[in-house]
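Scroll down for the structure; my scribbles are underneath it.
Every number here is computed from the coordinates shown, using simple stated rules; none is lab data. If you're wondering where the values come from, they're calculated on a predicted model, not measured in any experiment. Reconstructed Cβ throughout: ideal geometry from the backbone, glycine too, with neighbour counts over all protein chains shown.
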Amino acid sequence: MSNPKTISIEPALERLVTIMARLRGNNGCPWDREQTHQSLKPCVIEETYEVVEAIDSGRPDKLCEELGDLLLQIVFHAQLASENGDFGMGDVINGISEKLIRRHPHVFGDTKVTSVSGVIENWDKIKQSEFTAERKSVLDGVPKDLPALMKAEKLQSKAAKVGFDWGNLEGPLKKVKEEFGEFEELLQSEKAPSPDSPEWDRLEDEFGDILFALVNVGRFMKINPELALLRTNRKFVNRFHYIEEEATAAGKELTKMGLEEMDLLWEAAKDRE
C-alpha cells in the first residue's frame, strides 16, 4: 500500500472521475455504458456491506480496497447524473462539505456545546430545520429500503426523541415477553398453519412484533440490532464450517450424520472460540 502522506487527494480523485468518464464514453466499456442509477443499486448495497466486513476483519489493506470500491459507486452515480445534466462529482463533494460546516456550528461558528449529547441534540435541531418543509411526520426521513432491523431501530429512535419511549429497560423487556406469549398462544390455537392459509398472516404479524420488540430492547441498551445479527451470522458460519471440516476429516457426509452427532461438533466449535 502506498504511503498516504505521498498521495495528493485532488489529483487522485480527479483521475478516478476521468477514468469513469472514459468508461462511460463512446469508446468505453459496454457494461459500464449500459448501467443506470437503478441497475447500480445492488452494487451500492453490496459494497457497503463489504466495507463493514473489512472493518471487522481488522485489515487496513482490505479496508482501503473496499473503501475504493464504495467510492467507485459514488463516482459512477455522479457521472450518470452529470451526463443527465443533474449534478456532478464536484456538487456531491461541495454539498457534503457545506452540510458538515452547517451542522457543526460548535466548530465552524460561535455555538457552544460541552458534551457529545449536546452535539447530537444540536445536530438534530439543525436537521429538523433543514427538512421542515418537506417532512410532515416525525418518522419521515427514514430510507424505505433500509434492512428491516435497521429501519425498525431508526423508527423507534425518531419516536423516542419526541417522548414516545419507555422510562427504563423493564418496559421493553416486558414487551418482548408479551409479544412472544401472543405468538406462542397463536401457535397452540392453530393446527399447523401453512403459508397459504389465512392464519399464516397472523403468525407472520406476531413474529414481526417479536422482532420489533427485540430491536427496542437493543436500542434501549445501545446495541445495534443489525450489527449484532451480523456477528451471530458469522458465528454460525464459522461453527458450521467446523462441522463440515470434521465430517470431511472423518470421511462422513453431513446428510448421513445424525443431529446429535452434529450437535456435539457444534459444541466443540463453540469451545474452540
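Calculate how steeply helix 60-83 sits against the longest principal axis of the alpha-carbon atoms of the chain, using the helix alpha-carbon long axis, and give the answer as 0 to 90 degrees to the nearest 10.
Helix 60-83 sits at roughly 60 degrees to that axis.
What is the spread of the Cα atoms of region 9-105 along each of their three principal axes, largest first, in whole Å?
40, 35, 27
Please report, for the Cα atoms of region 175-237, the Rg to one decimal and the Dmax as a whole number; what are they, in angstrom?
Spelled out, the Cα radius of gyration and Dmax of region 175-237 are 14.2, 39 Å.
Can you put Tyr242, Tyr49 in order, fewest other beta carbons within 10 Å first?
On the way: Tyr242 17, Tyr49 13.
Fewest-to-most ranking of Tyr242, Tyr49: Tyr49, Tyr242.
Any idea what the dipole of the chain comes to, in debye rounded to 20, about its Cα centre with Lys/Arg Cβ at +1 and Asp/Glu Cβ at -1? Before the final figure, lay out the partial values.
Details: 36 positive and 51 negative charges, 276 e Å.
Using Cβ point charges on Lys, Arg, Asp and Glu, the chain gives about 1320 debye.
Please order Asp205, Asp271 by the number of other Cβ within 10 Å, starting at the fewest. All intermediate terms of the calculation are to be shown ahead of the outcome.
On the way: Asp205 12, Asp271 7.
Going from least to most buried by this count: Asp271, Asp205.
Counting other beta carbons within 10 Å of each Cβ, put His77, His104, His241 in order, fewest first. List each step's numbers first, then the result.
On the way: His77 21, His104 16, His241 11.
If I rank by nearby Cβ atoms, fewest first, I get His241, His104, His77.
Please state the relative contact order of region 143-222 as a whole percent: Cα pairs under 8 Å, 6+ residues apart? Present the calculation step by step, with values, prior to reporting the outcome.
Numbers: 46 pairs, mean separation 34.7, N = 80.
After rounding, I find 43 percent.
Relative to the longest principal axis of the C-alpha atoms of the chain, give the angle of the C-alpha long axis of helix 9-23, reported between 0 and 90° and rounded to the nearest 10°.
The two axes meet at around 80 degrees.
Just to confirm the filter: which GluC sites (Glu not before Pro) across region 103-182 are DSSP coil and have at most 14 other Cβ within 10 angstrom of their Cβ?
Values: sites: Glu121, Glu130, Glu134, Glu153, Glu170, Glu178, Glu179, Glu182; in loops: Glu134.
Hits after loop and neighbour filter: Glu134.
Show that you can apply the helix-only estimate: for the chain, add -39,500 (n - 2.57) for every DSSP H stretch of four or more residues, divide by all residues, and state [θ] at 222 nm to the nearest 500.
Working: 12 runs with 188 residues, N = 273.
Rounded to the nearest 500, the figure is -22500 deg cm²/dmol.
Give, as a single signed number, the net charge of other residues whose beta carbon lies under 12 Å from the beta carbon of Val217, with Lys and Arg counted +1 and Asp and Glu -1.
Values: positive: Lys174, Lys175, Lys177, Arg219, Lys222; negative: Glu153, Glu170, Glu179.
Residues close to Val217 contribute a combined charge of +2.
Which one of Ser137, Ala12, Ile243 is farthest out on the positive end of the charge dipole of the chain, using unit charges on Cβ (Lys, Arg +1; Asp, Glu -1) and the Cα centre as origin?
Result: Ala12, furthest along the dipole toward the positive end.
Taking only Cα atoms, what is the 0 to 90° angle, nearest 10, from helix 198-220's long axis to the longest principal axis of the chain?
Helix 198-220 sits roughly 60 degrees off the main axis of the chain.
Return the loop-located GluC sites (Glu not before Pro) in region 195-270 (DSSP other than H, G, I, E, B) with at most 16 other Cβ atoms within 10 Å of their own Cβ; answer none if there are none. Could the numbers behind the result be given before it?
Numbers: sites: Glu199, Glu204, Glu206, Glu226, Glu244, Glu245, Glu246, Glu253, Glu260, Glu261, Glu267; in loops: Glu253.
For GluC sites (Glu not before Pro) across region 195-270 that sit outside H, G, I, E and B with at most 16 neighbouring Cβ atoms in 10 Å, the list reads Glu253.
Can you pull out the GluC sites (Glu not before Pro) in region 1-100 that DSSP calls coil and that have at most 16 other Cβ atoms within 10 Å?
Values: sites: Glu14, Glu34, Glu46, Glu47, Glu50, Glu53, Glu65, Glu66, Glu83, Glu98; in loops: Glu34.
Answer in residue order: Glu34.
Below 8 Å between Cα atoms, with a sequence gap of 6+, how large is the relative contact order for the chain in percent? All intermediate terms of the calculation are to be shown ahead of the outcome.
Working: 142 pairs, mean separation 27.5, N = 273.
Once divided by the residue count of the chain, the mean separation gives 10 percent.
Assuming 0.36 nm per residue, please report the length gained on full extension of the stretch Glu199 to Val113 beyond their Cα-Cα distance. Intermediate values should be presented prior to the final figure.
On the way: separation 86, 0.36 × 86 = 30.96 nm, distance 5.37 nm.
Additional length available on full extension: 25.6 nm.
Quick one, what does Rg over Rh come out to for region 227-272 if you take C-alpha atoms and the Kirkwood Rh?
On the way: Rg = 11.3 Å, Rh = 11.0 Å.
Rounded to two decimals, Rg/Rh equals 1.03.
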